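The values are calculated or read from the model by the stated rules, or taken from the named source; none is laboratory data. These figures come from a predicted structure and were not determined experimentally. FYI the Cβ positions are ideal-geometry reconstructions off the backbone, even for glycines, and counts take in every protein chain you see.
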Amino acid sequence: MGGFKNVTDNTVPLCSILAHHAARRPGRLALIMDDLRLTYAELDARSTKRARFMQARGVGQDDYVTVALPNGLDFYETIFGIWKLGATPNVVSARLAPVELEHILDLVGPSLFVGQCPREDIPTVDGAFEGYQALSAEPLPPAVAKNWKAMTSGGSTGRPKVIVDAMPAQWDTTEGFLHQQPGEVVLNPGPLYHNAPFHCITMAIFTGNTIVEMQKFDAQRALDLIEEHGVNWVTMVPTMMHRIWQLGPEVLGRYKLPTLRMMLHMAAPCAPWLKEAWIDWLGSDRVWEYYGTTEATGSTIISGTDWLQRKGSVGKVRPGYDLKILDADGRECAVGEVGEVFFRPETGPSSTYHYLGSDSRLVGEYETMGDLGSVDADGYLYLSDRRNDLIISGGANIYPAEVEAALEAHPDVRGSAVIGLPHDEWGSVVHAIVQPMDGSTLSEEVLLEFISATLSRYKMPKRIEFTNEALRDEAGKVRRAALRQARLPQ
């Protein structure tokens with residue numbers, strides 16, 4: 001999700017994109033958050049003042065600025081202020097573990113850190129930017145960063161890396177991202193330190209949309225905000241979909257969501273039963289799925305209507321990319337055969353990004369992020385799991401996402417994570433970690449009986465461990481490598 005875009009007559013530098021929309025639609029709201037209503041002109045002025053504040057602390061053309069702020073007004077103003085200086089935002093979680101943050105800072109070498117920095121050798125300001133409102137809002141000289149964003153990822157190994165997008169800081173203001181339409185209302189329920197919400201929400205602003213910012217996800221409040229503000233487009237992760245569905249038919253029956261044109265889910269596998277439930281509720285024309293990479297090497301998309309004909313698919317490769325499924329020896333797999341998913345952008349390998357702190361995995365001109373999958377005769381992609389998460393038990397391949405989907409179909413399961421633990425006889429055995437709903441008396445015996453109706457015997461967990469701790473982060477991601485490491489013999 002990202003990558004280089006061609007320059008058109010409607011391409012506007014990000015340093016002036018807020019002013020562009022403010023001039024064309026005076027009074028248009030850029031941001032709604034609780035009682036706050038902020039127009040494009042106001043966000044433009046406030047982010048210019050932030051830019052001057054950062055400029056006075058040494059930020060210049062093509063510098064990195066590491067931002068560790070929660071969702072909120074400070075975040076939006078700071079990001080657009082960075083672009084006004086021709087600099088590149090490097091966004092990290094405000095709650096990132098110090099060891100991980102130290103590693104990222106070593107990779108990036110930012111000229112400024114915004115938030116709470118663990119290092120004394122890096123210039124730092126907190127999110128308030130005390131005194132910045134007294135600075136001038138007069139436009140700064142135009143400046144376009146070589147790279148519009150540098151997002152962080154723990155990857156499947158848990159070791160942080162930075163993904164620097166190759167696209168310059170500019171955008172065609174008439175091009176709605178992933179079927180967004182200019183001038184719509186877009187809800188953000190996700191953490192902006194994660195690439196999917198960051199990309200989708202900033203792109204929505206680039207095309208003149210109004211953002212309804214939740215700050216923190218709450219299932220029923222998301223539905224309230226969609227109806228209150230006439231939201232047209234939202235992206236969610238399956239964890240959010242699951243929590244909304246667990247509100248139950250009595251609550252869900254009160255919401256028709258008439259303005260919601262598109263609910264696009266991404267970033268993690270969605271259990272087929274959950275997706276079918278949403279399609280039954282909203283209709284197949286409003287439920288879509290996207291699969292892609294932060295590296296922008298390739299992506300797929302599928303409507304709910306197409307999905308009903310090919311249940312489990314994440315769609316066909318989008319224009320501008322090519323897709324292959326390769327086996328461990330680099331040979332192309334037959335139709336229906338599971339192998340590793342490789343993409344190639346039409347602009348060629350290494351054209352859409354570069355890593356700080358990692359190396360690309362290439363076979364010829366095709367690159368993989370480690371996902372496993374297969375394609376059918378019509379080119380529709382079906383994902384299995386990540387290669388690093390695959391459990392091989394007694395020679396059989398077991399995909400954790402399939403077991404997690406079976407577990408989470410139980411109404412008393414809030415979330416789950418499935419890992420493989422070493423076993424002398426079988427090599428590895430399936431170990432399930434389950435977070436039950438509050439007040440649940442769910443037992444291992446009951447849950448095993450429940451999933452036995454949908455899972456083959458060899459895929460069944462040998463043990464179910466119950467925990468009160470959340471197993472997924474705010475972006476719906478499970479770090480199985482870290483969970484597995486914590487349970488290995490020391």
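Points worth noting:
- In the range 201-212 there is at least one residue matching the filter, namely being at pLDDT 95 or above, touching a strand residue (DSSP E or B) at 6+ places or on another chain (Cβ under 6 Å) and closer than 18 Å to residue 9 by Cα.
- Restricting 90, 71 to those that are crowded, with 21+ Cβ neighbours inside 10 Å and more than 21 Å from residue 147 (Cβ to Cβ) reduces the list to 71.
- Qualifying residue in the range 276-296 (condition: under 18 Å from the mean Cα position of the chain (by Cα), more than 25 Å from residue 416 (Cα to Cα) and not charged (D, E, K, R)): yes
- Residue in the range 426-440 that is within 19 Å of residue 275 (Cβ to Cβ), surrounded by 21 or more Cβ atoms within 10 Å (Cβ to Cβ) and at pLDDT 90 or above present: no
- Residue 327, sole failed condition from (1) of a type outside the set (Phe, Trp, Tyr); (2) out of contact with any Ser or Thr (no Cβ under 7 Å at 6 or more places or on another chain); (3) outside the structural domain of residue 368 (by TED's automatic domain parsing): (3)
Results for (1) out of contact with any Gly (no Cβ under 8 Å at 6 or more places or on another chain); (2) in the same structural domain as residue 302 (by TED's automatic domain parsing), shown as yes or no for each residue.
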residue: 374; (1), (2): no, yes
residue: 398; (1), (2): no, no
residue: 405; (1), (2): yes, no
residue: 410; (1), (2): yes, no
residue: 423; (1), (2): yes, no
residue: 426; (1), (2): no, no
residue: 433; (1), (2): yes, no
residue: 438; (1), (2): yes, no
residue: 441; (1), (2): yes, no
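Conditions (1) among the hydroxyl-bearing types (Ser, Thr, Tyr); (2) touching a residue at least 60 places away in the same chain (Cβ under 8 Å); (3) in contact with a His (Cβ under 9 Å, 6 or more places away or on another chain), marked per residue:
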position	(1), (2), (3)
227	no, no, no
231	no, no, no
234	no, no, no
237	no, yes, yes
241	no, no, yes
245	no, no, no
249	no, no, no
253	no, no, no
263	no, no, no
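- Exactly one residue among 301, 226, 244 is within 30 Å of residue 356 (Cβ to Cβ), buried (at least 18 other Cβ atoms within 10 Å of the Cβ) and aliphatic (A, V, I, L, M), and that residue is 301.
- Residues in the range 205-226 that are assigned to a loop (DSSP other than H, G, I, E, B) and of a type in the set (Ser, Thr, Tyr): 207 alone.
- Filtering the range 294-337 to residues that are touching a Cys at 6+ places or on another chain (Cβ under 8 Å) and either among the β-branched types (Val, Ile, Thr) or not in a loop (DSSP other than H, G, I, E, B) (or both) leaves 325, 326.
- Qualifying residue in the range 476-488 (condition: at pLDDT 90 or above, of a type outside the set (A, V, I, L, M, F, W, C) and in a loop (DSSP other than H, G, I, E, B)): no
- Selected residue [over 24 Å from residue 14 (Cα atoms), buried (at least 18 other Cβ atoms within 10 Å of the Cβ) and either at pLDDT below 95 or not aromatic (Phe, Trp, Tyr) (or both)] from 82, 104, 163, 122: 104
- Residue check for residue 88: β-branched (Val, Ile, Thr) and touching a residue at least 40 places away in the same chain (Cβ under 8 Å): yes
- Residue in the range 267-282 that is in contact with a Cys (Cβ under 9 Å, 6 or more places away or on another chain), of a type in the set (Phe, Trp, Tyr) and either assigned to a loop (DSSP other than H, G, I, E, B) or at pLDDT 95 or above (or both) present: yes
- So residue 136, is it surrounded by 19 or more Cβ atoms within 10 Å (Cβ to Cβ) and polar (S, T, N, Q): no
- Within the range 415-442, the set of residues being over 13 Å from residue 461 (Cβ atoms) and in contact (Cβ under 8 Å) with a residue 40 or more places away in the chain comprises 415, 422, 437.
- Residue check, residue 376 modelled with pLDDT of 95 or more, among the acidic types (Asp, Glu) and exposed (fewer than 15 other Cβ atoms within 10 Å of the Cβ): yes
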